[in-house]
Structures are given as C-alpha cells and as structure tokens.
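Below is one structure, written out as structure tokens; comments come after it.
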Amino acid sequence: MINPKLLNPKSIVVIGASQDIQKPGGKVLKNLLESNFGGTVFAVNPKETTVQGIQCYSKVEDLPQVDCAILAIAAKYCPSTVKVLAHEKNTGGFIILSAGFSEENSIGAQFEKEIAETINAVNGSLIGPNCTGFLNMNYCGAFDTPIPPLNPKGVDFITGSGATAVFIKEYGMTNGLSFNSVWAVGNSAQMGIEEVLEHLDNSFDPITSSRVIMMYMENVRNPKKLLQHATSLINKGCKIAAIKSGGSSAGSRAASSHTGALATSDVAVNALFRKAGIVRCHNREELTTVCSIFMHPEVKGRNIAIITHAGGPAVMLTDVLSNNGLEVPHLEGPAAEKLLSKLFPGSSVGNPIDFLATGTAAQLGEIIDACENNFDNIDAMAVIFGSPGLFANWEVYEVLDQKMKTCRKPIFPILPSIINVKDEIDDFINTKKRINFPEECVFGNALAKILNTPLPQPTSPKLPIIDTKAIREVIDQAENGYLSLQEIQLLLNAAGIDRKREIEVKTEKDAITFAEEVGFPLVMKVVGPLHKSDVGGVVLNVKDKETVAREFNRLIKIPETYAVEIYPMLFGTEIFIGASKEEKFGHQVLFGLGGIFVEVLKDVQAALAPVNHEEALSLIRQLRGYKIIQGVRGQQPVNEELFADAITRVSALVTVAPEIAEMDLNPLLGTPSAITAVDARIRIEKS
C-alpha cells in the first residue's frame with residue numbers, strides 16, 4: 001500500500017532547494033509552487049534563508065514535522081537525510097531526484113539499499129532515486145517540463161525513464177492528451193511500475209478513477225504481479241497500453257533446442273501483454289495515439305466509416321484499416337441515396353464518404369447523423385478534415401465537437417492542417433478539450449492494434465486432467481540434462497499426449513527384431529546429434545530387413561550417436577509444440593507448423609503457461625501458415641481441436657514440472673483424427 005503522505009501530503013519539503021531554476025532543486029520547487037498544492041512548502045539549503053519566497057532551513061534537523069520530502073542533493077547525503085526525515089520528522093512520502101545510485105556503481109547501490117530499508121521501516125513510500133519525479137492532481141513533485149494538462153479522467157502514466165516521459169508527454173499534449181498522474185519511478189529502489197499498477201488496481205474506484213493507463217518500461221521486474229494487476233484493471237474497465245523497449249538483443253542467448261532459440265525474453269513480453277490484454281506499442285507516437293483512442297468511447301465493432309473532404313488520406317486510411325482486419329463497409333440503398341442528395345454534385349457516399357473540398361459544416365453534420373442513425377453496419381467514424389488554406393474551419397470543428405457530445409458511436413477527428421488552420425485546431429484542443437489525430441495512417445494502425453488485442457485470459461484457466469503423480473515420479477528421479485527416451489515416454493503418457501511406438505536400439509540384431517515385430521515401412525534416426533537431418537541421420541520409408549541392417553550400421557557410426565531410434569512411418573502435416581522456461585516469466589509454450597516452418601520461417605505463436613484451450617485455438621488461427629492447417633490443394637487438414645488440446649497438455653505438464661527447462665515435440669504429425677508426437681526432447685534443469 002502506498003503511503004497517503006506521498007499521494008496527498010499536507011506539507012512538502014524540497015531538500016536542496018535552489019534559486020536557480022535550471023537546477024533540479026530549483027525547478028522542482030518552482031513547479032511545486034505553481035501547481036495545485038494547497039499545503040505548506042518548506043525548503044532546505046544551508047546557503048540560503050529564503051528560496052523563491054519560501055523560508056529556507058539550513059539543515060533537515062531544524063524542520064518541523066513534514067509529510068513528504070523531495071530530495072535534490074548528492075547521493076552520498078541522501079541516506080542520512082532520509083533517516084532524519086523518516087525517524088524524526090514523521091515523513092511518509094519520499095521522492096529522490098538525485099542520481100549516483102545503483103545506476104552508477106556498487107557504492108551507489110548500497111546507498112539505495114540503505115534508503116529503501118529506512119523507508120520500509122516506517123511504512124513510507126519512495127519514488128526514485130534517479131528520477132524526474134511525481135505528479136498528480138494534488139501537487140507537482142517533478143522537476144521536468146512541460147507540466148501536462150491535468151484531468152481526473154486523464155491518463156495515468158507510469159514510466160521507467162524520465163527523459164522518455166518528457167518526450168511522450170510533449171507529443172501527447174500537442175494533440176490534446178490530458179493526464180491524471182505521472183509516475184517516473186527511476187531506479188525503482190522500492191516502488192516500480194508493477195507496484196504502481198498494484199496501487200491503481202487496489203485503489204480503483206469505478207466513479208473517480210482514470211480508465212486509461214500508459215506505461216513505458218525497459219524491464220519487467222515482476223511479470224506475475226504485472227499480469228495479475230493489469231488483468232484485474234482491464235477487467236474492471238480500464239485500458240492499458242505499454243512500450244517495453246530493449247528486446248532486440250534478447251535473441252542472442254544460446255539455446256540447445258528450436259524452442260529455446262525462439263523463446264526470447266521479448267517473445268515472453270508479447271505473450272505476457274497479450275495474456276493481460278495490454279496493447280503493446282513500439283514508439284512514442286503509437287503509444288500516445290493508442291491512449292488517445294482510449295480516451296474516446298469504446299469502438300464496439302470493426303466497421304468504420306471514413307468521412308473526408310480529401311480523397312488521398314481516405315484511401316490511405318482505408319488501406320491501413322483493411323490490411324489490419326478492419327472493415328470499411330460499402331454503404332448503399334435508400335439511406336445512402338438520401339444522404340447523397342444532400343451533398344454537392346460529385347460527392348460519393350459509398351465509404352469513404354467524400355463530400356469534396358467544398359464540403360460545408362452543415363453537410364458534415366448530415367453525414368455524421370446518417371452514420372449514427374441510418375447505417376447499422378457502421379460502428380465508428382473517422383472524420384478527415386483539413387484545409388487547403390482557402391477558408392477557415394471554425395464552423396466545421398464546432399459541428400464536430402457538438403456531434404461528439406451527442407453521438408453514441410465514437411467519432412475520431414483527423415485534422416491534418418496543423419499550419420493552415422492552426423488557430424482552429426488550437427481551439428479544438430485547448431478550449432473544446434478535444435484530441436486531434438493529425439496523421440490518418442498512424443491513427444488507423446493504432447485503432448487496429450487496439451481491436452486486435454484480445455481481452456485478458458482467465459486468471460484460473462481450466463486445464464486438462466493429467467497424471468501429476470506419475471509426472472513427479474519421473475522428474476524427481478531424473479538428473480539434470482536430457483531425459484532418456486523411456487523417461488520421455490512416461491511423461492508424454494502421463495500428460496495424455498499421443499506418441500509413436502518407438503525403440504532405441506544399439507545392435508543390428510535388435511533393430512531387425514523390432515522391424516519384424518512392427519512391420520514396414522519404418523523410420524530410422526540417430527540418437528545423440530541435435531540436428532539429425534544435418535548429419536544424414538534420418539532415413540525414411542525403410543521397407544525391408546536388408547535396409548534396416550545396412551542403415552543401422554551407417555547411422556551408428558555418425559559422430560555423437562549412441563543409439564538408433566526406430567518406429568513405424570507415420571503420415572500427416574508436420575506441426576510442433578515446445579516449451580522453454582524464461583527467467584521471471586515462467587514457461588513459454590510455443591507452437592506452429594513444424595519442419596522448415598519453425599527452423600527457417602519461424603512461423604510460431606507463444607503463450608505463457610498456463611494456456612487454456614480457447615487461447616491455444618485463437619493463436620493457432622493467427623499462424624501465417626494457418627491455411628496449411630486447414631488443408632490446401634487436397635492435403636488433409638490438421639484437427640485444430642486436438643492441436644489445441646495438445647498445447648494445453650504441454651502447458652499443464654510444465655506447470656506440474658517446472659524443472660523442465662526446454663522441451664521440443666518436433667515434429668508432431670497432424671491429421672483430421674490424431675496428433676502424434678514423432679520426435680521429442682526434454683531437458684531438465686534443477687536448482
């Protein structure tokens with residue numbers, strides 16, 4: 001629980017306050033004094049008696065009791081200062097702007113640890129150190145600018161980077177985005193992004209709380225906490241968008257399986273965000289645009305009307321929406337003809353609805369009313385209206401504002417003429433308190449990203465019943481490293497995953513005996529080498545004993561081979577399922593088409609365990625090669641229900657056996673009636 005003295009203090013002290021507003025201690029005091037804060041402000045600076053008109057104390061010990069402290073002093077002085085504040089001044093809220101802590105060296109890390117321990121001992125709350133500060137409706141405890149417009153229903157912004165926060169705020173403010181709070185958590189010595197999200201969840205009020213949360217993070221410290229509280233908030237009616245940067249180098253780590261190589265930290269972040277229902281963004285423009293869309297009424301369908309007086313932008317927006325799975329439905333019939341009669345000759349209402357460069361504010365009103373009342377196949381409207389500089393747009397934007405107040409269907413204003421009608425757009429944003437989307441394709445991609453992000457997955461999903469006792473017996477007895485064929489068979493049987501009948505042989509005689517027992521054709525594979533095909537270690541369609549003998553003697557001589565695996569030849573579409581344990585995230589379950597599709601094309605989907613049947617089925621249908629699973633050109637389809645069931649069983653297996661570090665079922669052969677594991681590797685890693 002965050003100490004209320006941080007959130008709504010009655011008194012605040014700035015330690016290191018300065019007359020120089022180009023220093024953090026000067027700027028934060030200026031911002032604080034100019035904010036909504038109605039309490040008492042103190043300052044501490046041994047060289048001053050007053051700072052910016054505020055009484056200044058020479059040392060912390062001289063202060064009266066104070067609720068919240070903002071520190072802008074050298075790192076080495078912070079631990080002792082915090083001790084005095086916490087134990088003698090009854091301070092409960094701390095914002096440490098100073099740098100020189102864990103981001104710099106081990107000495108700074110020790111300072112940071114000491115500070116956190118002191119604050120924890122008095123149940124205080126700390127933002128920072130090494131941050132730009134904190135801002136909410138009660139006060140500004142940040143040294144950066146600009147200070148965004150504050151609105152109780154504005155965005156709650158949580159960021160791990162103060163500088164990035166400045167740029168995000170600037171871009172959002174330019175287009176009319178307002179904020180409720182800004183949490184720049186810096187080094188997160190005590191409170192990070194996950195803890196702020198937890199606070200927003202636990203304190204959520206359906207009447208007074210903001211419904212939009214924006215996050216910028218460079219690491220996910222506690223994925224389980226993030227998942228829990230993001231899921232809870234979204235289920236309460238909030239919308240969350242986030243950037244997680246720093247994922248490009250994650251794939252460079254070594255792995256000993258296909259799944260391990262594919263299951264990078266960034267893949268895990270994607271899976272985490274999707275499971276929680278968080279819209280993942282990749283740049284400031286996208287993040288602020290997504291959150292700006294969130295500030296409008298929810299779009300409850302995929303059918304968009306594009307209303308425009310300029311053909312080109314409408315065509316580009318149509319392309320973006322259509323290419324991302326949204327619809328720009330054709331409008332026709334009596335209602336369309338009636339609307340067309342109210343527009344100038346040459347106009348078009350087919351959708352996009354183009355009412356020409358000479359279109360009037362009154363005509364725009366008629367078009368919006370028709371989309372609102374007469375076209376059931378429209379869920380939202382995008383209005384593109386700029387100016388070539390021939391006339392002002394005051395009346396148009398006034399109509400747009402009024403219609404946004406009365407229409408049930410969301411209306412998104414795309415006003416691109418930021419120079420020609422600058423005054424009108426400034427009025428639209430600053431007086432009418434509206435948001436502008438100046439670039440239609442950025443808007444279109446953001447809207448599509450929102451509509452294509454699924455709702456949160458159930459927190460307690462229904463999983464298949466598996467033999468937990470048998471699984472634990474195998475795992476508990478196993479050594480670190482790859483399991484034997486027999487151990488793998490026992491695990492797959494216990495998990496209810498169908499597998500081929502197979503044997504590992506080390507002599508020619510045993511190979512022939514097995515062949516005579518099960519019949520032909522057969523498959524023979526080396527046991528030992530990782531990439532069997534690369535070393536010539538796979539033989540298909542073996543039809544007689546002579547070939548069995550000849551190929552056994554060839555295969556057993558391949559380097560690293562210690563046995564030969566033999567099994568009846570099976571037929572079907574190659575698919576794969578794998579699992580990999582990722583630090584902090586738990587297990588990722590990856591799946592897709594097998595063979596070259598996973599090795600070369602990397603056409604895979606990933607989900608964090610546990611994975612339920614509906615989630616698995618949804619992700620199967622998002623594979624680029626999904627049409628192959630459906631069956632093409634006479635090829636038999638793969639049973640999607642059985643494929644999804646196998647995915648959930650692998651998920652249940654790794655949940656029961658967290659010691660599984662990497663697991664590959666590649667390939668499985670899929671047919672309309674069965675999913676059969678042909679090859680399997682499982683590596684155990686016990687702590």
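We did not get these values from a lab; they are worked out from the coordinates using the rules stated. Fair warning: this is a prediction, and the values are worked out from it, not measured in the lab. Neighbour counts run over all protein chains shown; Cβ positions are idealised from the backbone, glycine included.
In debye to the nearest 20, how big a dipole does the chain give about its Cα centre with +1 on each Lys and Arg Cβ and -1 on each Asp and Glu Cβ?
So the dipole magnitude of the chain works out to roughly 540 debye.
Ranking request for peptides 342-354, 553-565, 656-668: highest mean number of other beta-carbon atoms within 10 Å first, then the rest in descending order.
Top of the packing list down: 656-668, 342-354, 553-565.
Mean separation of Cα pairs under 8 Å and 6+ residues apart, divided by the residue count of the chain: what relative contact order is that in percent?
After rounding, I find 9 percent.
Spin-label point model (7 Å from Cα, Cβ direction): what's the residue 123 to residue 219 distance in nm?
3.0
How much length is gained if the chain between residue 513 and residue 1 is pulled fully straight, taking 0.36 nm per residue apart and subtracting their Cα-Cα distance, in nm to one decimal?
177.4 nm is the gain from fully extending residue 513 to residue 1.
For a Förster distance of 41 Å, can you work out the FRET efficiency between the beta-carbons of residue 87 and residue 283, rounded to the nearest 0.05?
0.35
Give the separation of the Cα centroids, the range 404-446 to the range 318-384, in Å.
18
Sort the following peptides by mean Cβ neighbour count (other Cβ atoms within 10 Å, averaged over residues), highest first: 5-16, 75-86, 504-515.
Taking the mean over residues of other Cβ atoms within 10 Å, the ranking is 5-16, 75-86, 504-515.
If r is the Cβ-Cβ distance from residue 36 to residue 107 and R0 is 45 Å, what FRET efficiency results, to the nearest 0.05?
0.75
Testing the spin-label approximation: label points 7 Å from Cα along Cα→Cβ at residue 298 and residue 19. State their distance in nm.
Spacing of the two 7 Å Cα→Cβ label points: 5.6 nm.
By how many nm would the segment from residue 80 to residue 546 grow when fully extended, if each residue of separation counts as 0.36 nm and the alpha-carbon distance is taken off?
In short, 159.4 nm is gained.
Going down the list 169/602; 224/433; 153/581; 5/27; 30/153; 169/432, which pairs span over 29 Å between their C-alpha atoms?
Listed pairs above 29 Å: 169/602; 224/433; 153/581.
Need one number: nm distance between label points at residue 266 and residue 460, each 7 Å from Cα along Cα→Cβ, rounded to one decimal.
3.7
If packing is taken as the average count of other Cβ atoms within 10 Å, what order do 445-452, 54-61, 576-583 fall into, highest mean first?
The most tightly packed comes first, giving 576-583, 445-452, 54-61.
FRET efficiency for residue 531 and residue 174, Cβ-Cβ distance as r, R0 = 51 Å, nearest 0.05?
0.45
In whole Å, how far is the Cα centre of the range 155-179 from that of the range 59-130?
Going from one Cα centre to the other spans 26 Å.
If each DSSP helix of 4+ residues adds -39,500 (n - 2.57) and the sum is divided by the residues in the chain, what number results at 222 nm, nearest 500 deg cm²/dmol?
Helices in the chain give a 222 nm mean residue ellipticity of -10500 deg cm²/dmol.
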